[in-house]
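Throughout, read-outs are computed from the coordinates displayed, never taken from laboratory work. Bear in mind that the values here come from a model prediction, so they are computed numbers and not experimental data. Glycine also receives a Cβ, built like all others from the backbone with ideal geometry; neighbour counts cover every protein chain displayed.
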Amino acid sequence: MGENRVVEIEYRAFRYSRSYRIPVEPYCVKLFENRWYMLGHNISQDTIRLYGLDRIEAVELTDSEFQLPEGFSAPEYFSNYFGIVADERVKPERIVVRANADHAPYLKSLPLHHSQRLIEDNGEYADFELFLAPTYDFIMKLLHVGAMVEVISPGSLRKEITGWISDMYELYKND
């Protein structure tokens, strides 16, 4: 990366049984949930993609050089997202979540996102506002804390969370 050199990686995504070779212009690495990822330009598909370093089976440094896109900044690239899923189809929006009294201190001491701010804390619950794209990573984080956090708005995110919870209920309803 420091030399702006193209690498050929042998990559095996979780959903595939075998690896495939990809020429990549590596832009940056990012740590999330105890896994390292490389963000890079997949030259063959002309797309920006994330590659889990644990799924790279081989790396070959090529003689080809590349230039980072003008003005590229890794913090800026991920600034509207929680985690690593940077899906441009999911637009950033104002999100309000309500944490119960037991969980509010956790969100106060370790915000979910740099945009998070406290709106209200009445002792029974605390409402937090965030401005981000509600991608898969963010939804999984909300589901991770279960009933301790409720999505107040937007309605579309509430509906999506409801769908996940309904699917979970179907798995366990006969126990």
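Some notes on this structure:
- Shown in residue order for the stretch 96-111 are the 3J(HN,Hα) couplings computed by the Karplus curve 6.51 cos²θ - 1.76 cosθ + 1.60 at θ = phi - 60°: 10, 10, 10, 9, 5, 4, 6, 9, 3, x, 5, 6, 5, 7, 9, x Hz (x for Gly and Pro).
- Scaled radius of gyration (Cα, divided by 2.2 N^0.38 Å) that the stretch 93-172 gives: 1.06
- Annotation: amide H-H contacts under 5 Å for residue 132 (H modelled 1.01 Å from N, sequence separation of 5 or more, or interchain): 93, 95.
- Spin-label model distance (nm) - residue 156 vs residue 88, 7 Å beyond Cα toward Cβ: 1.8
- The relative contact order of the stretch 93-172 comes to 38 percent, based on Cα pairs under 8 Å that sit 6 or more residues apart.
- Sequence-distant residues sharing a close amide H with residue 4 (under 5 Å, placed H): none
- In terms of its C-alpha gyration tensor, the stretch 5-71 has an oblate overall shape, because the principal axis ratio a/c (a ≥ b ≥ c, square roots of the eigenvalues) is not below 1.5 and a/b does not outweigh b/c.
- Separation of the stretch 100-118 and the stretch 11-80, taken as the distance between their Cα centroids, equals 31 angstrom.
- Amide H contacts under 5 Å for residue 153, placed H, 5+ residues apart: 96
- Candidates 20, 11, 81, ranked by Gaussian network fluctuation over the chain, Cα under 10 Å, top entry: 20
- Once each of the GluC sites (Glu not before Pro) sitting in a DSSP loop with at most 11 other beta-carbon atoms within 10 Å is removed, the chain keeps 125-175 as its longest stretch.
- Using 0.36 nm per residue and subtracting the Cα-Cα separation, the extra length available between residue 141 and residue 73 on full extension is 22.0 nm.
- Chain lengthening between residue 34 and residue 21 when straightened (0.36 nm per residue, less Cα-Cα): 2.2 nm
- Binning all Cα-Cα separations of the chain at 5 Å, short to long from zero, yields these whole-percent fractions: 1, 7, 14, 16, 15, 13, 12, 9, 7, 4, 1, 0, 0.
- For the stretch 57-143: rounded, prolate or oblate by the Cα gyration tensor [a/c cutoff 1.5]: prolate
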